[in-house]
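Trainee: Sharing a structure with you now.
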Amino acid sequence: MHMTFWWDTNIADFLFYGCNISSKGLLVLACLILITLAIFFEWLKLLQAKQKQKELIIRAKQIRTICPTNETSTLLQDQQDNTNAKPGLYLRIKLVVMDACLWLNIQLLGYIIMLIIMLYNGWLTISLIIGSAIGYFLFGTSFLKISLQNCQTIRDTFCYVNCVESDESLSDSHNPSRN
């Protein structure tokens with residue numbers, strides 16, 4: 001068996017035994033379905049990034065509640081943010097289940113796409129490439145925006161904790177009345 005691309009319009013046993021593509025019309029339909037599948041795959045990756053962003057925002061709120069900037073903010077935060085900072089059991093379970101479902105669907109679709117490419121049919125491969133390109137065109141900027149927002153959230157959260165501590169130590173060392 002040679003591992004080279006072939007361009008025939010008849011495909012026997014497409015992913016499953018007995019599932020045959022036997023005409024040009026069926027091949028065009030299969031290619032359109034594969035384009036849609038590849039776009040859907042890119043959309044799922046965007047949903048996963050949004051899901052991770054939700055989890056990150058919740059964790060950032062928790063860190064800010066645990067590490068307040070000063071004593072007055074501690075009193076205010078205890079009254080205002082205590083309910084918002086600690087996600088309930090329902091929310092945590094929902095986030096974990098949604099994350100697991102997204103991961104499972106992405107893995108499943110990724111393996112199906114890989115198997116289709118391993119058929120080495122040029123028409124099917126080109127369809128998947130076109131679908132991925134369309135999906136990236138539609139969702140790539142949103143994915144990049146979410147990634148940058150996540151980086152900013154991480155930076156702000158850690159700077160919030162670390163910079164406040166360093167600012168306090170700097171103000172203590174530069175304030176002669178405290179020395």
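The values are calculated or read from the model by the stated rules, or taken from the named source; none is laboratory data. Remember, it's a predicted structure, so these values are computed and weren't measured experimentally. Glycine gets a Cβ as well: all are built from the backbone with ideal geometry, and neighbour counts include every protein chain shown. Surface areas here come from the heavy atoms of the whole protein model, side chains and all, with no ligands, DNA or RNA. Shrake-Rupley method; radii C 1.70, N 1.55, O 1.52, S 1.80 Å.
Trainee: Return the pair list, or none, for Cβ contacts closer than 9 Å from residues in segment 124-142 that are under 17 Å from Ile33 (Cβ atoms) to residues that are among the acidic types (Asp, Glu) and open to solvent by less than 70 Å² (accessible area, probe 1.4 Å), at least 6 apart or on different chains.
Mentor: As it stands, the answer is Gly131/Glu42; Ser132/Glu42; Ile134/Glu42; Gly135/Glu42, since those pairs meet every condition given.
Trainee: Go through the residues of segment 109-117 one by one and say whether even a single one is in contact (Cβ under 8 Å) with a residue 40 or more places away in the chain and among the small types (Gly, Ala, Ser).
Mentor: Yes, the conditions are met somewhere in segment 109-117.
Trainee: On the given criteria, is Leu95 under 21 Å from the mean Cα position of the chain (by Cα) and either modelled with pLDDT under 60 or over 30 Å from Gly131 (Cβ atoms) (or both)?
Mentor: Taking the combined requirement at face value, the residue does not satisfy it.
Trainee: Say whether the condition of being modelled with pLDDT of 85 or more, in a helix (DSSP H, G or I) and within 30 Å of Leu29 (Cβ to Cβ) is met by at least one residue in segment 143-164.
Mentor: Scanning segment 143-164 turns up at least one residue that is modelled with pLDDT of 85 or more, in a helix (DSSP H, G or I) and within 30 Å of Leu29 (Cβ to Cβ).
Trainee: For segment 32-44, give me each residue that is touching a Phe, Trp or Tyr at 6+ places or on another chain (Cβ under 8 Å) and open to solvent by 50 Å² or more (accessible area, probe 1.4 Å).
Mentor: The one that is touching a Phe, Trp or Tyr at 6+ places or on another chain (Cβ under 8 Å) and open to solvent by 50 Å² or more (accessible area, probe 1.4 Å): Trp43.
Trainee: Quick check, is Leu47 of a type in the set (A, V, I, L, M, F, W, C) and either farther than 19 Å from Trp123 by Cα or surrounded by fewer than 12 Cβ atoms within 10 Å (Cβ to Cβ) (or both)?
Mentor: Taking the combined requirement at face value, the residue satisfies it.
Trainee: Return the residues of segment 1-11 that are of a type in the set (A, V, I, L, M, F, W, C), open to solvent by 70 Å² or more (accessible area, probe 1.4 Å) and under 16 Å from Thr125 (Cα atoms); say none if nothing qualifies.
Mentor: Met3, Phe5, Trp6, Trp7
Trainee: Run down Thr125, Thr72 and say which single residue is assigned to a helix (DSSP H, G or I), at pLDDT 95 or above and of a type in the set (S, T, N, Q).
Mentor: Result: Thr125 is the single residue among Thr125, Thr72 that is assigned to a helix (DSSP H, G or I), at pLDDT 95 or above and of a type in the set (S, T, N, Q).
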